[in-house]
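Working notes for the structure below.
The values are calculated or read from the model by the stated rules, or taken from the named source; none is laboratory data. Everything numeric here is computed off the predicted structure, so don't read it as measured data. In this analysis, Cβ positions are derived from the backbone assuming ideal geometry, glycine residues included, and neighbour counts consider all displayed protein chains. Note: areas computed on protein heavy atoms with side chains; ligands, DNA, RNA excluded. Shrake-Rupley method; radii C 1.70, N 1.55, O 1.52, S 1.80 Å.
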Amino acid sequence: QALGERAGGVLVTRPRASVTPKHMALSAVAGLGLSSGPARLGARKSYGAAAVRHPASGVTRVVPKRKEAVQTRAQGSTFGRLFRVTTFGESHGGGVGCVVDGVPPRLQITQGELQFELDRRRPGQSRITTPRDEADTCEILSGVGLDGVTLGTPIAVLVRNKDHRSQDYGEIAVAYRPSHADATYDMKYGVRAIAGGGRSSARETIGRVAAGAIAKKILAQIAGTEILAYVSQVKDVVAENVDHETMTMEDVEANIARCPDGVSAEKMIAAIDKVRVKGDSCGGVVTCIVRNCPRGLGAPVFDKLEADLAKAMMSLPATKGFEIGSGFAGVNTTGSEHNDEFFMDPVTGLRTRTNRSGGVQGGISNGEIIELKIAFKPTSTITRPQNTVNRDGVDVSLQAKGRHDPCVVPRAVPMVEAMVALVLVDHLMMQFAQCNLLGREDYSDLVQGNMKTLYDPEFIGGTGTGGTMSGKDMADAFSED
(Lines give C-alpha, C1' and ligand atoms only; values in the text may rest on other atoms or scores of the structure.)
Protein backbone atom coordinates (compact mmCIF):
# COMPACT_ATOMS: atom_id res chain seq x y z
CA GLN A 1 0.00 0.00 0.00
CA ALA A 2 2.85 2.36 0.81
CA LEU A 3 4.41 1.70 -2.58
CA GLY A 4 1.09 2.37 -4.30
CA GLU A 5 0.45 5.65 -2.48
CA ARG A 6 4.00 6.86 -3.08
CA ALA A 7 3.56 6.35 -6.83
CA GLY A 8 0.08 7.86 -7.03
CA GLY A 9 -2.15 4.80 -6.73
CA VAL A 10 -3.89 2.91 -3.93
CA LEU A 11 -4.25 -0.85 -3.86
CA VAL A 12 -7.91 -1.74 -3.25
CA THR A 13 -8.32 -5.50 -3.51
CA ARG A 14 -6.66 -8.67 -4.73
CA PRO A 15 -9.01 -11.25 -6.30
CA ARG A 16 -8.27 -15.00 -6.32
CA ALA A 17 -5.55 -14.81 -3.70
CA SER A 18 -5.29 -14.04 -0.04
CA VAL A 19 -4.04 -10.53 0.60
CA THR A 20 -0.79 -10.19 2.51
CA PRO A 21 1.48 -7.15 2.91
CA LYS A 22 3.99 -8.77 0.55
CA HIS A 23 1.31 -9.45 -2.10
CA MET A 24 -0.06 -5.92 -1.75
CA ALA A 25 3.35 -4.33 -2.27
CA LEU A 26 4.22 -6.48 -5.27
CA SER A 27 0.79 -5.97 -6.85
CA ALA A 28 1.02 -2.21 -6.44
CA VAL A 29 4.39 -2.19 -8.16
CA ALA A 30 3.10 -4.39 -11.00
CA GLY A 31 -0.14 -2.39 -11.42
CA LEU A 32 1.71 0.92 -11.77
CA GLY A 33 4.05 -0.41 -14.42
CA LEU A 34 7.10 -0.22 -12.20
CA SER A 35 9.82 -2.84 -12.17
CA SER A 36 11.73 -3.79 -9.10
CA GLY A 37 13.65 -6.61 -10.81
CA PRO A 38 14.42 -10.10 -9.50
CA ALA A 39 17.88 -8.95 -8.47
CA ARG A 40 16.38 -6.58 -5.91
CA LEU A 41 13.34 -8.44 -4.65
CA GLY A 42 14.57 -11.96 -5.34
CA ALA A 43 12.98 -14.65 -7.46
CA ARG A 44 9.21 -14.29 -7.21
CA LYS A 45 5.90 -15.03 -8.93
CA SER A 46 2.82 -12.86 -9.30
CA TYR A 47 -0.52 -14.44 -8.29
CA GLY A 48 -4.05 -13.62 -9.49
CA ALA A 49 -4.81 -10.01 -10.40
CA ALA A 50 -4.77 -6.68 -8.62
CA ALA A 51 -7.30 -3.83 -8.79
CA VAL A 52 -5.71 -0.38 -8.51
CA ARG A 53 -7.66 2.91 -8.07
CA HIS A 54 -6.09 6.27 -8.82
CA PRO A 55 -6.85 8.62 -5.87
CA ALA A 56 -7.57 11.69 -8.04
CA SER A 57 -9.67 10.29 -10.89
CA GLY A 58 -11.21 7.43 -8.94
CA VAL A 59 -10.67 5.15 -11.95
CA THR A 60 -10.06 1.52 -11.03
CA ARG A 61 -8.18 -0.78 -13.36
CA VAL A 62 -7.47 -4.49 -13.05
CA VAL A 63 -3.94 -5.69 -13.61
CA PRO A 64 -3.96 -9.27 -14.93
CA LYS A 65 -1.77 -12.04 -13.65
CA ARG A 66 1.76 -11.74 -15.01
CA LYS A 67 4.47 -14.37 -15.09
CA GLU A 68 7.94 -13.08 -14.33
CA ALA A 69 11.21 -14.65 -15.39
CA VAL A 70 13.26 -16.04 -12.57
CA GLN A 71 16.93 -15.16 -12.82
CA THR A 72 19.24 -17.33 -10.77
CA ARG A 73 22.94 -17.91 -10.33
CA ALA A 74 24.78 -20.60 -8.41
CA GLN A 75 25.04 -18.86 -5.06
CA GLY A 76 28.70 -18.58 -4.16
CA SER A 77 29.81 -21.29 -6.61
CA THR A 78 30.43 -19.25 -9.79
CA PHE A 79 33.51 -17.10 -10.43
CA GLY A 80 34.35 -14.77 -13.31
CA ARG A 81 32.55 -12.53 -15.81
CA LEU A 82 33.45 -13.60 -19.35
CA PHE A 83 35.50 -16.65 -18.38
CA ARG A 84 33.06 -18.18 -15.89
CA VAL A 85 33.74 -21.16 -13.67
CA THR A 86 31.12 -22.99 -11.61
CA THR A 87 32.37 -25.72 -9.29
CA PHE A 88 30.18 -28.52 -7.95
CA GLY A 89 30.27 -31.53 -5.67
CA GLU A 90 30.96 -32.43 -2.04
CA SER A 91 34.01 -34.09 -0.52
CA HIS A 92 32.28 -37.43 0.09
CA GLY A 93 29.72 -37.26 -2.71
CA GLY A 94 29.84 -39.04 -6.03
CA GLY A 95 32.38 -36.62 -7.45
CA VAL A 96 33.54 -33.04 -7.80
CA GLY A 97 34.32 -30.86 -10.79
CA CYS A 98 33.51 -27.74 -12.72
CA VAL A 99 31.72 -26.25 -15.69
CA VAL A 100 33.80 -23.63 -17.54
CA ASP A 101 31.84 -21.27 -19.76
CA GLY A 102 33.34 -18.65 -22.06
CA VAL A 103 36.40 -20.63 -23.14
CA PRO A 104 37.53 -19.36 -26.55
CA PRO A 105 36.94 -21.86 -29.38
CA ARG A 106 39.80 -23.50 -31.31
CA LEU A 107 42.11 -23.85 -28.29
CA GLN A 108 44.12 -27.08 -28.23
CA ILE A 109 43.71 -28.66 -24.79
CA THR A 110 44.21 -32.23 -23.59
CA GLN A 111 43.12 -34.24 -20.58
CA GLY A 112 46.81 -34.63 -19.74
CA GLU A 113 47.29 -30.88 -19.33
CA LEU A 114 44.47 -30.74 -16.81
CA GLN A 115 45.70 -33.90 -15.10
CA PHE A 116 49.19 -32.46 -14.61
CA GLU A 117 47.80 -29.66 -12.46
CA LEU A 118 45.39 -31.95 -10.61
CA ASP A 119 48.24 -34.33 -9.73
CA ARG A 120 50.03 -31.44 -8.03
CA ARG A 121 47.08 -30.85 -5.69
CA ARG A 122 45.97 -34.46 -5.17
CA PRO A 123 45.99 -35.91 -1.62
CA GLY A 124 48.30 -38.66 -0.47
CA GLN A 125 51.33 -37.37 -2.34
CA SER A 126 53.67 -37.21 0.69
CA ARG A 127 53.82 -37.72 4.44
CA ILE A 128 53.13 -34.03 5.09
CA THR A 129 49.78 -34.12 3.27
CA THR A 130 46.53 -35.93 4.00
CA PRO A 131 46.90 -39.71 3.53
CA ARG A 132 43.58 -39.90 1.64
CA ASP A 133 44.50 -41.83 -1.50
CA GLU A 134 42.71 -40.38 -4.52
CA ALA A 135 43.98 -40.64 -8.09
CA ASP A 136 41.86 -37.59 -9.00
CA THR A 137 41.66 -38.71 -12.61
CA CYS A 138 39.61 -36.16 -14.54
CA GLU A 139 37.08 -36.76 -17.28
CA ILE A 140 36.28 -34.06 -19.85
CA LEU A 141 32.57 -34.51 -20.49
CA SER A 142 31.84 -31.69 -22.92
CA GLY A 143 33.14 -28.63 -24.71
CA VAL A 144 36.19 -30.30 -26.30
CA GLY A 145 36.06 -32.13 -29.63
CA LEU A 146 37.58 -35.55 -30.16
CA ASP A 147 40.50 -33.81 -31.86
CA GLY A 148 41.29 -31.95 -28.62
CA VAL A 149 40.03 -28.55 -29.79
CA THR A 150 37.68 -26.47 -27.65
CA LEU A 151 34.29 -25.86 -29.23
CA GLY A 152 33.41 -22.59 -27.51
CA THR A 153 30.68 -24.36 -25.56
CA PRO A 154 30.78 -25.08 -21.80
CA ILE A 155 33.53 -27.47 -20.75
CA ALA A 156 32.47 -29.88 -18.01
CA VAL A 157 35.15 -31.68 -16.01
CA LEU A 158 34.40 -34.45 -13.52
CA VAL A 159 36.60 -36.17 -10.94
CA ARG A 160 34.97 -39.09 -9.17
CA ASN A 161 35.46 -39.59 -5.42
CA LYS A 162 36.68 -43.08 -4.52
CA ASP A 163 38.63 -43.20 -1.25
CA HIS A 164 36.23 -41.54 1.19
CA ARG A 165 35.58 -42.86 4.69
CA SER A 166 32.40 -41.26 5.93
CA GLN A 167 32.45 -43.40 9.08
CA ASP A 168 35.38 -41.30 10.36
CA TYR A 169 33.03 -38.32 10.77
CA GLY A 170 30.72 -39.73 13.44
CA GLU A 171 32.03 -37.38 16.15
CA ILE A 172 31.52 -34.21 14.12
CA ALA A 173 28.01 -35.20 13.09
CA VAL A 174 26.80 -33.44 16.22
CA ALA A 175 29.84 -31.55 17.55
CA TYR A 176 31.25 -28.50 15.77
CA ARG A 177 34.95 -28.47 14.94
CA PRO A 178 36.50 -25.27 16.37
CA SER A 179 37.34 -22.70 13.66
CA HIS A 180 35.75 -24.91 10.98
CA ALA A 181 32.75 -24.08 8.79
CA ASP A 182 30.56 -26.69 10.52
CA ALA A 183 28.76 -24.21 12.75
CA THR A 184 28.41 -21.40 10.19
CA TYR A 185 27.00 -23.78 7.55
CA ASP A 186 24.34 -24.82 10.07
CA MET A 187 23.68 -21.15 10.85
CA LYS A 188 23.19 -20.36 7.17
CA TYR A 189 21.46 -23.45 5.75
CA GLY A 190 20.15 -25.34 8.77
CA VAL A 191 21.69 -28.45 7.23
CA ARG A 192 25.17 -29.48 6.08
CA ALA A 193 27.12 -32.29 4.45
CA ILE A 194 28.72 -33.80 7.53
CA ALA A 195 31.02 -36.37 5.93
CA GLY A 196 34.20 -34.74 4.66
CA GLY A 197 32.97 -31.20 5.25
CA GLY A 198 31.01 -31.04 2.00
CA ARG A 199 31.69 -27.85 0.05
CA SER A 200 33.92 -26.43 2.79
CA SER A 201 36.48 -29.15 2.08
CA ALA A 202 39.56 -28.29 0.03
CA ARG A 203 38.39 -31.03 -2.32
CA GLU A 204 36.11 -28.39 -3.86
CA THR A 205 39.23 -26.79 -5.36
CA ILE A 206 39.61 -29.63 -7.86
CA GLY A 207 37.24 -27.76 -10.17
CA ARG A 208 39.24 -24.54 -9.77
CA VAL A 209 42.53 -26.26 -10.59
CA ALA A 210 41.09 -27.95 -13.68
CA ALA A 211 39.66 -24.64 -14.93
CA GLY A 212 42.92 -22.90 -14.06
CA ALA A 213 44.82 -25.29 -16.32
CA ILE A 214 42.71 -24.08 -19.25
CA ALA A 215 43.27 -20.45 -18.27
CA LYS A 216 47.02 -21.01 -17.99
CA LYS A 217 47.09 -22.46 -21.50
CA ILE A 218 45.34 -19.40 -22.95
CA LEU A 219 47.63 -16.94 -21.15
CA ALA A 220 50.79 -18.80 -22.15
CA GLN A 221 49.68 -19.06 -25.78
CA ILE A 222 48.78 -15.37 -26.10
CA ALA A 223 51.39 -13.62 -23.96
CA GLY A 224 53.88 -16.23 -22.78
CA THR A 225 52.56 -15.63 -19.26
CA GLU A 226 54.05 -17.76 -16.47
CA ILE A 227 52.27 -18.20 -13.14
CA LEU A 228 54.39 -19.77 -10.41
CA ALA A 229 53.56 -20.16 -6.73
CA TYR A 230 55.66 -21.63 -3.95
CA VAL A 231 55.66 -22.09 -0.18
CA SER A 232 57.53 -19.13 1.28
CA GLN A 233 56.80 -19.76 4.96
CA VAL A 234 55.73 -22.55 7.33
CA LYS A 235 55.18 -21.42 10.92
CA ASP A 236 58.27 -19.30 11.64
CA VAL A 237 60.44 -20.84 8.90
CA VAL A 238 60.81 -18.31 6.05
CA ALA A 239 62.27 -19.16 2.64
CA GLU A 240 65.44 -17.36 1.62
CA ASN A 241 67.40 -16.91 -1.61
CA VAL A 242 64.43 -17.19 -3.98
CA ASP A 243 64.94 -15.23 -7.21
CA HIS A 244 61.60 -14.34 -8.81
CA GLU A 245 63.30 -13.55 -12.11
CA THR A 246 64.80 -17.01 -12.61
CA MET A 247 62.73 -19.42 -10.45
CA THR A 248 61.22 -22.35 -12.36
CA MET A 249 58.47 -24.93 -11.87
CA GLU A 250 61.17 -27.57 -11.51
CA ASP A 251 62.66 -25.63 -8.57
CA VAL A 252 59.28 -25.56 -6.85
CA GLU A 253 58.53 -29.25 -7.44
CA ALA A 254 61.99 -30.39 -6.32
CA ASN A 255 60.80 -31.22 -2.78
CA ILE A 256 57.57 -32.12 -0.96
CA ALA A 257 57.40 -28.72 0.74
CA ARG A 258 57.23 -27.00 -2.67
CA CYS A 259 59.83 -24.43 -1.63
CA PRO A 260 62.51 -23.59 -4.23
CA ASP A 261 65.05 -22.97 -1.45
CA GLY A 262 66.23 -26.47 -0.53
CA VAL A 263 67.68 -25.54 2.86
CA SER A 264 64.50 -23.78 3.96
CA ALA A 265 62.43 -26.65 2.56
CA GLU A 266 64.04 -29.15 4.93
CA LYS A 267 63.30 -26.91 7.91
CA MET A 268 59.68 -26.53 6.75
CA ILE A 269 59.24 -30.29 6.45
CA ALA A 270 60.66 -30.74 9.95
CA ALA A 271 58.25 -28.12 11.32
CA ILE A 272 55.26 -29.87 9.74
CA ASP A 273 56.41 -33.27 10.99
CA LYS A 274 56.72 -31.90 14.52
CA VAL A 275 53.05 -30.88 14.71
CA ARG A 276 51.84 -33.84 12.65
CA VAL A 277 53.02 -36.49 15.08
CA LYS A 278 51.29 -34.62 17.91
CA GLY A 279 47.94 -34.61 16.11
CA ASP A 280 48.20 -30.86 15.56
CA SER A 281 48.57 -28.58 12.54
CA CYS A 282 50.31 -25.40 11.41
CA GLY A 283 49.87 -22.62 8.87
CA GLY A 284 52.05 -20.92 6.30
CA VAL A 285 52.38 -18.50 3.42
CA VAL A 286 52.21 -19.10 -0.34
CA THR A 287 53.91 -16.55 -2.59
CA CYS A 288 52.80 -16.31 -6.21
CA ILE A 289 54.49 -14.47 -9.07
CA VAL A 290 53.29 -13.73 -12.60
CA ARG A 291 55.88 -13.14 -15.29
CA ASN A 292 55.00 -11.64 -18.69
CA CYS A 293 51.58 -10.47 -17.58
CA PRO A 294 49.93 -8.41 -20.33
CA ARG A 295 49.87 -4.70 -19.60
CA GLY A 296 46.60 -2.90 -19.12
CA LEU A 297 44.63 -5.63 -17.32
CA GLY A 298 42.22 -4.37 -14.67
CA ALA A 299 39.80 -1.48 -14.49
CA PRO A 300 39.50 1.59 -12.28
CA VAL A 301 37.51 1.71 -9.05
CA PHE A 302 35.59 -1.51 -8.34
CA ASP A 303 37.22 -3.90 -10.83
CA LYS A 304 40.85 -3.23 -9.98
CA LEU A 305 43.12 -6.16 -10.77
CA GLU A 306 44.42 -6.47 -7.21
CA ALA A 307 40.85 -6.30 -5.88
CA ASP A 308 39.82 -9.29 -8.00
CA LEU A 309 43.03 -11.10 -7.10
CA ALA A 310 42.33 -10.51 -3.42
CA LYS A 311 38.81 -11.90 -3.73
CA ALA A 312 40.10 -14.92 -5.64
CA MET A 313 42.77 -15.68 -3.05
CA MET A 314 40.50 -15.15 -0.07
CA SER A 315 37.92 -17.49 -1.60
CA LEU A 316 40.34 -20.40 -1.16
CA PRO A 317 39.89 -22.58 1.94
CA ALA A 318 41.84 -21.60 5.07
CA THR A 319 43.08 -18.23 3.71
CA LYS A 320 43.39 -15.41 6.24
CA GLY A 321 45.60 -12.78 4.64
CA PHE A 322 46.53 -11.22 1.29
CA GLU A 323 49.33 -8.90 0.23
CA ILE A 324 50.46 -7.52 -3.12
CA GLY A 325 53.80 -5.84 -3.66
CA SER A 326 55.11 -4.23 -0.50
CA GLY A 327 51.86 -5.05 1.29
CA PHE A 328 51.67 -4.10 4.94
CA ALA A 329 55.42 -3.43 5.08
CA GLY A 330 54.85 -0.42 2.84
CA VAL A 331 53.34 1.56 5.71
CA ASN A 332 56.81 1.85 7.25
CA THR A 333 58.20 3.80 4.27
CA THR A 334 57.82 7.30 2.88
CA GLY A 335 56.55 8.18 -0.57
CA SER A 336 60.05 8.87 -1.85
CA GLU A 337 61.16 5.47 -0.57
CA HIS A 338 58.15 3.52 -1.81
CA ASN A 339 57.62 5.01 -5.28
CA ASP A 340 58.73 2.87 -8.23
CA GLU A 341 60.69 5.18 -10.56
CA PHE A 342 60.17 4.74 -14.30
CA PHE A 343 62.91 4.37 -16.92
CA MET A 344 63.10 3.38 -20.58
CA ASP A 345 64.64 0.00 -21.26
CA PRO A 346 66.17 -0.12 -24.77
CA VAL A 347 64.66 -3.61 -25.35
CA THR A 348 61.35 -3.77 -23.47
CA GLY A 349 60.41 -0.09 -23.24
CA LEU A 350 58.86 1.46 -20.13
CA ARG A 351 59.94 -0.26 -16.91
CA THR A 352 60.18 0.50 -13.19
CA ARG A 353 63.49 0.34 -11.32
CA THR A 354 61.81 -1.24 -8.28
CA ASN A 355 58.60 -3.22 -7.93
CA ARG A 356 57.04 -2.25 -4.62
CA SER A 357 53.71 -1.90 -6.46
CA GLY A 358 53.80 -5.62 -7.16
CA GLY A 359 53.11 -5.24 -10.88
CA VAL A 360 49.83 -3.34 -10.44
CA GLN A 361 49.35 0.43 -10.30
CA GLY A 362 45.97 2.13 -10.13
CA GLY A 363 44.35 -1.28 -10.33
CA ILE A 364 45.91 -1.95 -13.75
CA SER A 365 48.85 -4.23 -14.60
CA ASN A 366 52.00 -2.41 -15.70
CA GLY A 367 53.96 -5.34 -17.16
CA GLU A 368 56.25 -5.89 -14.18
CA ILE A 369 56.21 -9.15 -12.23
CA ILE A 370 53.02 -9.47 -10.19
CA GLU A 371 53.93 -10.55 -6.65
CA LEU A 372 51.33 -11.85 -4.18
CA LYS A 373 51.44 -13.37 -0.71
CA ILE A 374 48.59 -15.40 0.76
CA ALA A 375 48.44 -16.49 4.40
CA PHE A 376 46.86 -19.84 5.29
CA LYS A 377 45.76 -20.65 8.83
CA PRO A 378 46.51 -23.99 10.54
CA THR A 379 44.15 -26.80 9.50
CA SER A 380 41.18 -26.66 11.87
CA THR A 381 40.56 -30.44 12.00
CA ILE A 382 43.08 -31.95 14.41
CA THR A 383 43.08 -35.14 16.46
CA ARG A 384 43.89 -33.45 19.76
CA PRO A 385 40.94 -33.04 22.19
CA GLN A 386 39.23 -29.64 22.01
CA ASN A 387 36.33 -28.01 23.81
CA THR A 388 33.34 -27.21 21.63
CA VAL A 389 29.53 -27.20 21.46
CA ASN A 390 27.21 -29.70 19.80
CA ARG A 391 24.13 -29.05 17.65
CA ASP A 392 21.93 -29.15 20.75
CA GLY A 393 23.85 -26.26 22.31
CA VAL A 394 25.62 -28.41 24.91
CA ASP A 395 29.30 -27.99 25.84
CA VAL A 396 31.25 -31.12 24.84
CA SER A 397 34.79 -32.32 24.16
CA LEU A 398 35.73 -33.31 20.60
CA GLN A 399 38.59 -35.47 19.36
CA ALA A 400 38.22 -35.56 15.60
CA LYS A 401 39.13 -38.47 13.38
CA GLY A 402 39.62 -38.64 9.63
CA ARG A 403 42.53 -37.85 7.32
CA HIS A 404 43.57 -34.23 7.06
CA ASP A 405 46.55 -32.12 6.02
CA PRO A 406 48.76 -31.15 8.94
CA CYS A 407 49.65 -28.07 6.85
CA VAL A 408 47.71 -27.02 3.76
CA VAL A 409 50.30 -24.84 2.00
CA PRO A 410 52.20 -27.52 0.02
CA ARG A 411 48.97 -28.55 -1.74
CA ALA A 412 47.68 -24.96 -1.89
CA VAL A 413 50.38 -23.98 -4.40
CA PRO A 414 48.50 -25.17 -7.54
CA MET A 415 45.24 -23.82 -6.09
CA VAL A 416 46.73 -20.32 -5.84
CA GLU A 417 48.16 -20.53 -9.35
CA ALA A 418 44.78 -21.60 -10.72
CA MET A 419 42.86 -18.73 -9.14
CA VAL A 420 45.42 -16.19 -10.36
CA ALA A 421 45.09 -17.62 -13.87
CA LEU A 422 41.29 -17.40 -13.75
CA VAL A 423 41.44 -13.73 -12.76
CA LEU A 424 44.00 -12.83 -15.43
CA VAL A 425 42.28 -14.61 -18.33
CA ASP A 426 38.95 -13.04 -17.36
CA HIS A 427 40.53 -9.57 -17.37
CA LEU A 428 42.37 -10.33 -20.62
CA MET A 429 39.08 -11.15 -22.34
CA MET A 430 37.41 -8.02 -20.91
CA GLN A 431 40.38 -5.91 -22.05
CA PHE A 432 40.14 -7.26 -25.59
CA ALA A 433 36.37 -6.83 -25.73
CA GLN A 434 36.43 -3.21 -24.59
CA CYS A 435 39.77 -1.71 -25.59
CA ASN A 436 40.73 -3.68 -28.69
CA LEU A 437 37.44 -3.68 -30.57
CA LEU A 438 37.99 -0.43 -32.48
CA GLY A 439 40.99 0.47 -34.62
CA ARG A 440 41.21 -2.80 -36.57
CA GLU A 441 41.69 -2.77 -40.34
CA ASP A 442 39.81 -6.00 -40.95
CA TYR A 443 36.46 -6.67 -39.25
CA SER A 444 35.35 -9.43 -41.62
CA ASP A 445 35.61 -12.16 -38.98
CA LEU A 446 33.41 -10.12 -36.62
CA VAL A 447 30.84 -9.28 -39.31
CA GLN A 448 30.83 -12.40 -41.48
CA GLY A 449 31.87 -15.08 -38.98
CA ASN A 450 34.89 -17.27 -38.38
CA MET A 451 34.45 -19.67 -41.33
CA LYS A 452 36.08 -17.88 -44.26
CA THR A 453 35.17 -20.58 -46.77
CA LEU A 454 31.59 -19.36 -46.45
CA TYR A 455 32.20 -15.75 -47.54
CA ASP A 456 35.79 -14.95 -48.59
CA PRO A 457 36.44 -15.53 -52.35
CA GLU A 458 40.05 -16.43 -51.57
CA PHE A 459 38.94 -19.34 -49.41
CA ILE A 460 35.68 -20.47 -51.04
CA GLY A 461 36.10 -23.95 -52.46
CA GLY A 462 38.88 -24.88 -50.04
CA THR A 463 41.39 -27.27 -51.60
CA GLY A 464 38.90 -28.38 -54.19
CA THR A 465 38.81 -31.96 -52.90
CA GLY A 466 35.13 -31.86 -52.00
CA GLY A 467 33.31 -32.15 -48.70
CA THR A 468 33.45 -35.86 -47.99
CA MET A 469 35.52 -37.89 -45.53
CA SER A 470 35.83 -41.66 -45.44
CA GLY A 471 35.05 -43.65 -42.33
CA LYS A 472 38.75 -44.52 -41.93
CA ASP A 473 39.82 -40.88 -42.31
CA MET A 474 37.17 -39.87 -39.79
CA ALA A 475 38.43 -42.46 -37.30
CA ASP A 476 42.04 -41.36 -37.80
CA ALA A 477 41.25 -37.66 -37.43
CA PHE A 478 38.94 -37.94 -34.44
CA SER A 479 40.21 -40.97 -32.56
CA GLU A 480 39.01 -40.97 -28.98
CA ASP A 481 42.54 -41.88 -27.92
Subtracting the Cα-Cα distance of residue 141 and residue 447 from 0.36 nm times their residue separation yields 107.0 nm
For residue 280 the rounded accessible area (nearest 10 Å², probe 1.4 Å, non-protein molecules ignored) is 50
Note, residue 152: beta-carbon cut-off 11 Å, +1 each Lys/Arg, -1 each Asp/Glu, net 0
Cβ-Cβ cut-off under 14 Å around residue 273, Lys and Arg +1, Asp and Glu -1: the net charge is +3
Any residue on another chain or 5+ positions along whose placed amide H is under 5 Å from the amide H of residue 405 is listed here as 130
Sorted on mean Cβ neighbours within 10 Å (highest first), peptides 96-107, 412-423, 142-153 come out as 412-423, 96-107, 142-153
Here the gain from full extension of residue 75 to residue 394, 0.36 nm per residue of separation minus their alpha-carbon distance, amounts to 111.7 nm
Of all C-alpha pairs within the range 300-342, those more than 15 angstrom apart amount in percent to 57
Heavy-atom accessible area of residue 338, protein chains in place, probe 1.4 angstrom, given in Å² to nearest 10, is 50
Expressed as a whole-number percentage, the relative contact order of the range 166-317 with C-alpha contacts under 8 angstrom and at least six residues apart is 22
From highest to lowest solvent-accessible area (probe 1.4 Å; ligands, DNA and RNA excluded), 428, 309 read 428, 309
Ordering 83-90, 443-450 by per-residue average of other C-beta atoms within 10 angstrom, highest first, gives 83-90, 443-450
Under the rule rounded for a/c under 1.5, else prolate if a/b exceeds b/c, else oblate, using alpha carbon gyration tensor axes a ≥ b ≥ c, the range 205-282 is classed as oblate
Rounded to 0.05, the calculated FRET efficiency for the beta carbons of residue 345 and residue 241 at R₀ = 30 Å is 0.70
With 0.36 nm assigned to each residue of separation and the Cα-Cα distance removed, residue 377 to residue 334 gains 12.4 nm
Env charge @ residue 353, Cβ radius under 11 Å, K,R +1 / D,E -1, value -2
Burial-style ranking of 323-329, 370-376, average other-beta-carbon count within 10 Å with highest first, yields 370-376, 323-329
The range 188-294 accessible area per residue, 1.4 Å probe, protein heavy atoms, integer Å², reads 40
Per residue, accessible area of the range 328-387 with a 1.4 Å probe, heavy atoms of protein chains only, in Å², comes to 58
Largest first and rounded to whole Å, the semi-axes √(5λ) derived from the alpha carbon gyration tensor of the range 289-404 read 42, 15, 13
